[in-house]
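One structure is given here, and the rest of the page talks about it.
Nothing in this text is a laboratory measurement; each read-out follows from the coordinates by a stated rule. These numbers come from a predicted model, not from an experiment. With ideal geometry, Cβ positions are generated from the backbone for all residues, glycine too; neighbour counts draw on all protein chains shown.
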Amino acid sequence: MKVWAKETLGDLCSLITDGKHGDCRNEDNSGYYFISCKDVREGRIHYENARQIVHGDFAETHRRTDLRPGDILLTNSGTIGRLAIAPDDKKTQRTTFQKSVAILKPLPEMITSQFLYYSLAVDRNRLINSAGGAAQKNLLLGELRRFPIRVPPIAEQAEIAFILSAYDDLIENNRRRIRLLEESARLLYKEWFVRLRFPGHEHVKIIDGVPEGWEKSIVSKLGDVVTGKTPSTKEPDNFGGKIPFIKTPDMHKNPIIVETSQYLSEKGANSQAKKYIPKDSIMVSCIGTVGIVAINAIKAQTNQQINTVIPQKEHFRYYIYFALSDLKSRLEAMGGGATMVNVNKGKFESLPVVIPSDLILQEFHEVCNPMFLQIKNLLIQNKKLKTARDLLLPRLMNGEIEV
């Protein structure tokens, strides 16, 4: 194992700061982004659900953060240790942060952005242990500046980052392909079932707002609905087994679930055996952040925040997936909770939907099925790439492997 010099992050960076300790005024579609820790994950900033704010508040906060390409973002409150590298694009100069995100500006003569990123990734547990706070963990800027890492010469940094980034580039390329495949299927859904330009539509009458042979109905007619449940957390041996336990975060940006962040033991799963959902069921988040939809590729259980539709017929699957995605705004408007949106099973089952003719649903399934099979394969490939990268990461970062 090589012996590399230890340096503190404060010595390796020209600036370490965090975002605004206060709020900003929202302005939809302003193009000025106010990023929180939930928007930082998987090595990048996710802008899909990010807040947009008025220019004046952005300008004030941007003077503090001054985000530039190559800066490292680190979540330092709540969920500690999520990372991203600021990309070289137009959004970067229009992005600032809440206080839950720290910004590190590496000195290029001492450390590369990518090596710093991977150094922090491999030391995530140590970062978490450096955070204080009883109710919510917080990694103070002072602790961050004093945080030591091992630093090889710049040439070795570049070699190590090149090896690891090859995995991340493949993963990101697969993510782009997944987004394109899903979008292609979604556009077809819109064409057939929203614009009603399905095959043979020219010869079908519209009766009471829907094509002849189609039915105005409710969600429960699409299939059986199961609401998830969490086994007792007072019994730790309910968890840590091999049975996938799906929660809303597993569904973010994953149209098909091939892995989960938590697993149940047989004891935990058997304590609520009626909550099993078969593979190829369609899950919808219905508490808190509602309207996230995904298909499970594995027999699993879900927590109580998710209502699942087990399709009445196999060829209903992809129509249900997109039809339930279209219900997001209606779910958000339903409310039902004192502090957050809560759409219970009864309300969910009674949501109105249109059920097209069986023939059209079969045709839609035949077109979409190869796309979703490819999405599933790409997600499985990414799972394997992440496993390989994560096995290699600590060995490269501690000098165990020669480069």
- Note on the structure: Helix 113-122 sits off the longest principal axis of the Cα atoms of the chain, rounded to the nearest 10 on a 0 to 90 degree scale, by 70 degrees
- Task: Please give the calculated 222 nm ellipticity per residue for the chain, where each DSSP H segment of at least 4 residues contributes -39500 (n - 2.57) and the sum is spread over every residue; nearest 500 deg cm²/dmol?
- Result: -11000 deg cm²/dmol
- Note on the structure: Residue separation between residue 235 and residue 154 times 0.36 nm, minus their alpha-carbon distance, gives in nm 24.2 nm
- With just the Cα atoms of segment 246-403, tell me how far they stretch along each of the three principal axes, in Å, largest first. 61, 42, 32
- Computed lengthening from residue 3 to residue 224, 0.36 nm per intervening residue step minus Cα-Cα distance: 73.6 nm
- Largest first and to the nearest Å, give the Cα extent of segment 5-151 along each principal axis. 46, 38, 25
- Find how many whole Å separate the alpha carbon centroid of segment 126-148 from the alpha carbon centroid of segment 343-403. 34 Å
- Message: Quick one: the Cα spread of segment 272-340 along its three principal axes, in angstroms, biggest first?
- Response: 34, 29, 16
- Message: Sort 112-125, 348-361 by the packing proxy (mean of other Cβ within 10 Å over each peptide's residues), most packed first.
- Response: 112-125, 348-361
- Straight-line reach from residue 234: which lysines have a Cα under 24 Å away, not including same-chain ones fewer than 8 places off? 137, 242, 247, 267, 274, 275
- Item | Degrees between helix 55-65 axis and first principal axis of the chain (Cα, 0 to 90, nearest 10) | 40 degrees
- Taking 0.36 nm per residue of separation and subtracting the Cα-Cα distance, what length does fully extending residue 266 through residue 347 add? 26.1 nm
- Item | Sorted peptide list for 72-83, 154-165, criterion being average Cβ within 10 angstrom, highest first | 72-83, 154-165
- In the set (1) 44; (2) 39; (3) 48, which value of percent of Cα pairs over 31 Å apart was calculated from the structure you see? (3)
- Where a Cα-Cα gap under 28 Å defines reach, which lysines qualify for residue 90, not counting those fewer than 8 residues away within the same chain? 20, 38, 99, 105, 253
- Task: Quickly rank 126-133, 367-374, 200-207 as a protection proxy: mean count of other C-beta atoms within 10 Å, highest first.
- Result: 367-374, 126-133, 200-207
- Note on the structure: Taking a crude spin-label model, label points 7 Å out from Cα along the C-beta direction, the residue 210 to residue 369 distance in nm is 2.4 nm
- Task: Among DSSP beta bridges whose residues both lie in the chain, state the antiparallel percentage, nearest 5.
- Result: 85 percent
- With no solvent and one point per C-alpha, what does the Debye sum give as log10 I(q)/I(0) for segment 104-220 at q = 0.11, 0.22 Å⁻¹? -0.66, -1.19
- Message: Tell me the relative contact order for segment 63-134 as a rounded percent, counting alpha carbon contacts under 8 Å between residues six or more apart.
- Response: 35 percent
- Query: Helix 154-189 sits at what angle to the longest principal axis of the chain, using alpha carbons and giving 0 to 90 degrees rounded to 10?
  - Reply: 20 degrees
- Task: Work out the FRET efficiency for residue 42 and residue 109 from their Cβ-Cβ distance, taking R0 = 30 Å, and round it to the nearest 0.05.
- Result: 0.55
- Query: In nm, to one decimal, how far is the residue 330 label point from the residue 21 one, both placed 7 Å along Cα→Cβ?
  - Reply: 4.6 nm
- Neighbours of residue 26 by Cβ distance under 14 Å: Lys/Arg at +1, Asp/Glu at -1, summed charge -1
- Among the aspartates and glutamates, select those whose C-alpha is under 15 Å from the C-alpha of residue 347, and discard any that sit fewer than 8 residues away in the same chain. 224, 332
- Task: Taking the Cβ of each residue in 259, 402 as the centre, tally the other Cβ atoms inside 10 Å and list the residues starting with the fewest.
- Result: 402, 259
- Task: Could you tell me which trypsin sites (Lys or Arg not before Pro) in segment 297-392 are loop residues by DSSP with no more than 14 other beta carbons within 10 angstrom of their beta carbon?
- Result: 299, 313
- Label-point separation (nm) for residue 60 and residue 140, each offset 7 Å from Cα along Cα-to-Cβ? 2.6 nm
- Using only alpha carbon pairs under 8 Å that are at least six residues apart, calculate the relative contact order of segment 133-274 and give it in whole percent. 15 percent
- Task: Averaging sequence separations of C-alpha pairs under 8 Å and six or more residues apart, then dividing by the length of the chain, give the relative contact order as a whole percent.
- Result: 16 percent
